[in-house]
Structures are given as C-alpha cells and as structure tokens.
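Peer 1: One structure, as structure tokens, below. Some questions next.
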Amino acid sequence: MSMPPPGTIARNLTFQSNDLGRETTILLVFDADVEGLYDTVYPVVWKVFTFPKTGSCKFEVTYTNDLTFAEADIEDGNLVQTYANFKLKPGQQTTLTLEDDSDTLSSSPPVDGTNGCLKAENRTGLIQDLAVGL
C-alpha cells in the first residue's frame with residue numbers, strides 16, 4: 001500500500017467474520033450528536049459490506065481526511081455518475097477549466113486557500129454540476 005501524501009490522516013480498518021450464523025451487513029457512517037438524528041437528520045453512509053452466513057470473510061477499508069470534488073452527471077434530479085475526481089484537503093483550493101477543444105473538465109493542482117474551507121473556482125465559462133465526498 002502506498003503512503004498517503006503529507007498532511008493526510010489515514011486509518012486502515014479491518015473487519016473479519018467466521019461462521020456468523022446469519023448474513024450480516026455492516027454500514028460505516030458519518031454522523032454527529034445533533035437533534036433530530038434518525039428523525040429529520042440522517043447520517044451519511046460511507047461504506048457498506050455484507051458478511052456471509054458461513055465461512056470466513058475479511059473486509060479492509062482505508063479512511064483518509066481527503067475530500068473529493070467530482071463532476072456530477074445529474075438526470076431528473078438524481079446523481080447517476082461522477083467523473084474527473086480531484087482531491088483537496090481542508091484549506092486548499094483548485095481552479096476548474098475545460099481541456100482544449102473539449103468538454104473534459106480538469107483541475108489545477110491544489111494550492112493553499114482559506115483555512116478550514118474547500119474551494120473549486122469555476123473558470124470553464126459554463127455552469128458545472130459538482131459533487132463533494134470522501
């Protein structure tokens with residue numbers, strides 16, 4: 001496994017099972033102690049995996065504090081696919097442009113921006129649908 005870039009917090013998590021007796025699904029979520037949790041506010045699901053009823057199984061996941069902007073393909077108000085992922089850390093920014101003679105979105109290398117904020121400056125001349133995630 002390669003080392004994460006400097007400033008990245010990484011946590012490797014391993015989940016194992018052996019003859020659980022029933023199929024079991026694990027959801028790893030991000031949530032907070034906020035009023036209305038599971039009533040009007042719902043956690044964000046990060047990873048989902050299912051252990052089989054019998055036998056041994058192992059899932060390994062790596063969490064990093066990198067956030068990703070992605071070009072989003074929206075149809076009828078639903079996200080159907082993402083393209084052109086580019087990672088930023090809190091306090092960094094990038095500039096979005098279109099590659100020469102194409103509709104392909106590209107981003108500049110991350111640079112320092114406003115502490116605690118992410119910024120993707122749109123210099124494509126067009127409205128862009130973006131998604132933000134882990």
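Peer 1: Among the residues of the range 82-104, is any under 30 Å from Glu23 (Cα atoms) and modelled with pLDDT under 75? First the steps, then the outcome.
Peer 2: Here is the first cut: in the range 82-104, the residues under 30 Å from Glu23 (Cα atoms) are none.
No.
Peer 1: Now for a different question. Could you list, in sequence order, all residues of the range 21-47 that are of a type in the set (Gly, Ala, Ser) and free of Cβ contacts under 8 Å to residues at least 24 places away in the same chain?
Peer 2: Pass one, the range 21-47, residues of a type in the set (Gly, Ala, Ser): 21, 32, 36.
Across the range 21-47, the qualifying residues are Ala32, Gly36.
Peer 1: May I pose another question? For the range 33-57: of the residues being of a type in the set (A, V, I, L, M) and open to solvent by less than 80 Å² (accessible area, probe 1.4 Å), which is modelled with the highest pLDDT?
Peer 2: Filtering the range 33-57 down to residues of a type in the set (A, V, I, L, M) leaves 34, 37, 41, 44-45, 48.
Of the ones still in play, those that are also open to solvent by less than 80 Å² (accessible area, probe 1.4 Å) are 34, 37, 41, 45.
Working: Val34: 71, Leu37: 72, Val41: 73, Val45: 80.
Only one residue tops the list, namely Val45.
Okay, residues lined up against (1) open to solvent by less than 80 Å² (accessible area, probe 1.4 Å); (2) at pLDDT below 85; (3) within 25 Å of Leu105 (Cα to Cα):
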position	(1), (2), (3)
Met1	no, yes, no
Asp19	no, no, no
Glu23	no, no, no
Asp31	no, yes, no
Phe59	yes, no, no
Thr68	yes, yes, yes
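Peer 1: Quick check: is even one residue across the range 15-23 closer than 30 Å to Lys119 by Cα and not aromatic (Phe, Trp, Tyr)? Spell out how you get there, then give the answer.
Peer 2: Of the residues in the range 15-23, the ones closer than 30 Å to Lys119 by Cα are none.
No: the range 15-23 contains no residue that is closer than 30 Å to Lys119 by Cα and not aromatic (Phe, Trp, Tyr).
The values are calculated or read from the model by the stated rules, or taken from the named source; none is laboratory data. Everything numeric in this text was worked out from a predicted model, so none of it was measured. Cβ: placed from backbone, ideal geometry, glycine included. Neighbour counts: every protein chain shown. Just so you know, the surface numbers come from the protein's heavy atoms only, side chains and all, with ligands and any DNA or RNA stripped out. Shrake-Rupley method; radii C 1.70, N 1.55, O 1.52, S 1.80 Å.
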